[in-house]
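The structure appears below as structure tokens.
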Amino acid sequence: MFRLLYCLSVALATHAATPLFQTSFENPDRGWTTLRGNATPDSTVLHGDKKSLRLEPAESARGAVVRFA
């Protein structure tokens with residue numbers, strides 16, 4: 001019984017925490033900053049009728065880094 005209550009509380013907490021941070025790449029204020037490489041909104045790949053974010057690594061570095069704020 002204790003295990004069931006624990007699992008339900010974890011499930012409720014997880015469900016409540018998910019919509020806290022949902023940024024959109026289509027907003028003009030850009031809720032994200034490119035630190036390394038290139039990041040551009042991509043309209044060819046859609047997720048829920050919204051643009052995706054295309055990441056491309058920099059030539060001098062190993063990968064792309066984007067910070068969401």
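The values are calculated or read from the model by the stated rules, or taken from the named source; none is laboratory data. It should be emphasised that the depicted structure is a prediction, and the values quoted were computed from it without experimental measurement. Glycine gets a Cβ as well: all are built from the backbone with ideal geometry, and neighbour counts include every protein chain shown. Quick note on the areas: whole protein, heavy atoms, side chains included, nothing else; ligands and nucleic acids left out. Shrake-Rupley method; radii C 1.70, N 1.55, O 1.52, S 1.80 Å.
Computed values, structure above
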| item | result |
| --- | --- |
| Residues of region 53-69 classified as outside any loop (DSSP other than H, G, I, E, B) and either surrounded by 13 or more Cβ atoms within 10 Å (Cβ to Cβ) or touching a residue at least 60 places away in the same chain (Cβ under 8 Å) (or both), total | 5 |
| Failed item in (1) of a type outside the set (Lys, Arg); (2) modelled with pLDDT of 80 or more; (3) in contact with a Pro (Cβ under 6 Å, 6 or more places away or on another chain), with Leu46 passing the rest | (3) |
| Single match in Thr14, Thr33, Thr18, Thr23 (criterion: among the hydroxyl-bearing types (Ser, Thr, Tyr) and either open to solvent by 100 Å² or more (accessible area, probe 1.4 Å) or at pLDDT 80 or above (or both)) | Thr33 |
